[in-house]
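A quick write-up on the structure given underneath.
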Amino acid sequence: MQTIMQVINIGRIIAILYCLLSYLSSLISAYLVTGMVRKLRNDLFARIVKFPIKYTDTHPHGDIMSRMTNDIDNISMAVSSSITSLVSGILTLIGCLCIMIVYSPLLTAVAMITLVLSITLTAIMSKFMRPLFLKQQKTLGLLNTQTEEMVSGCKTVIAYNHQDEAKDEFNEYSDDLRKTGMKAQIIAGSMGPVMNFIGNFGYFLVSYFGALFVLNGIGGTITGDPLTVSIVVMFLTTTKQFTRPINELASVYQQIISALAGAERVFETMDAETENFEGKVEFDPNTTHGIIDFENVNFSYVEGTPVLKDFTLDVRKGHKIALVGATGSGKTTIVNLLLRFYDVDSGSIKIDGVNINDMSKKDLRDCI
């Protein structure tokens with residue numbers, strides 16, 4: 001009776017420890033995921049605010065926002081759903097592998113065939129899945145861009161009766177996203193059945209070769225004992241546990257590939273060149289006289305399509321200059337160049353006789 005009570009008490013302690021460790025595991029996982037996402041978003045935003053105007057002019061705003069939100073959310077979901085199973089899966093694989101080697105090194109080599117098949121098929125399927133998930137994220141970014149432009153410019157769209165065209169353009173992006181998503185889901189959805197098949201195939205191989213080894217008296221244990229039917233049965237049970245983490249990984253593989261596609265887009269943005277604020281000369285914005293000289297300035301947004309050709313302009317202290325011209329004639333471009341949102345192709349712009357390319361951008365913009 002006392003022995004039974006001891007066993008019951010041990011069972012209670014194990015159950016309590018299991019609950020506590022499960023809670024602790026969830027807590028650590030949540031802490032790691034939220035901390036990682038916070039750092040990613042902070043680093044990405046800190047990078048974005050340092051981008052030159054040229055970057056934001058040539059990249060859709062909705063796509064940049066999608067990288068900040070959707071792509072990082074995909075990374076978060078993949079990490080949160082796989083981090084616990086990944087750690088337990090690795091420990092299970094190592095433990096099962098050690099037990100299998102003790103039972104029968106020869107049968108372990110047979111069981112390894114399934115692991116090799118799983119890794120090979122995963123690598124092959126990844127080549128098809130990753131481009132699709134990357135395209136899906138890019139299309140989602142374009143969809144967000146279309147929505148952002150429509151919402152921010154709704155007055156203009158309504159004023160020019162452009163609703164039908166805007167709707168058609170949105171539907172086009174939406175249909176493209178649906179088609180890409182369907183292709184990605186079809187391939188990703190096949191991972192689970194394929195891994196189950198490989199697992200069952202491995203179970204068959206171990207059963208077949210295990211019976212063969214027992215009948216022929218080969219494939220003994222690591223201690224030199226002969227292989228018996230009971231050992232083969234125990235080996236089969238361990239083999240099932242060995243393939244379980246692989247099947248669990250297959251179930252979240254879609255999220256992992258989607259996260260990798262999102263991470264690729266996020267780090268592509270992080271690696272983009274930022275604006276250089278350094279200057280070669282000291283310039284005090286508080287003592288400037290405001291004398292501006294454009295000297296033979298040439299500039300083009302797109303190479304081969306000049307906007308300003310041999311442009312010269314002198315602005316004296318206290319004078320007011322009106323820039324008048326048709327849309328696209330370069331009025332805004334002159335201000336963009338003066339603020340160094342873009343740099344001139346040739347020629348120079350000077351303030352109080354100092355070339356603005358030699359000033360720090362902070363001093364230049366402070367004086368304007």
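The values are calculated or read from the model by the stated rules, or taken from the named source; none is laboratory data. Bear in mind the structure is a predicted one, so any value in this text is a computation, not a measurement. Don't worry about glycine lacking a Cβ; one is built from the backbone with ideal geometry, like all the others, and counts go over all protein chains shown. In case anyone asks, the SASA skips ligands and DNA or RNA and just uses the protein heavy atoms, side chains included. Shrake-Rupley method; radii C 1.70, N 1.55, O 1.52, S 1.80 Å.
In table form, for the structure just shown:
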| read-out | value |
| --- | --- |
| Count - residues of the stretch 325-337 that are at negative phi and open to solvent by less than 30 Å² (accessible area, probe 1.4 Å) | 4 |
| Residue selected from the stretch 201-252 under the condition among the β-branched types (Val, Ile, Thr), part of a helix (DSSP H, G or I) and over 21 Å from Met191 (Cα atoms), by the criterion most open to solvent (accessible area, probe 1.4 Å) | Val229 |
| Ser76 touching a helix residue (DSSP H, G or I) at 6+ places or on another chain (Cβ under 7 Å) and either of a type in the set (Phe, Trp, Tyr) or closer than 18 Å to Met270 by Cβ (or both) | yes |
| Residues satisfying the stated conditions in the stretch 308-324, i.e. under 22 Å from Asp352 (Cα atoms), of a type in the set (A, V, I, L, M) and either in contact (Cβ under 8 Å) with a residue 24 or more places away in the chain or open to solvent by less than 60 Å² (accessible area, probe 1.4 Å) (or both) | Leu313, Val315 |
| Some residue of the stretch 25-46 being open to solvent by less than 30 Å² (accessible area, probe 1.4 Å), in contact with a Gly (Cβ under 7 Å, 6 or more places away or on another chain) and within 19 Å of Asp271 (Cβ to Cβ) | no |
| Subset tally (residues that are among the aliphatic types (A, V, I, L, M), in a loop (DSSP other than H, G, I, E, B) and open to solvent by 70 Å² or more (accessible area, probe 1.4 Å)) for the stretch 258-307 | 0 |
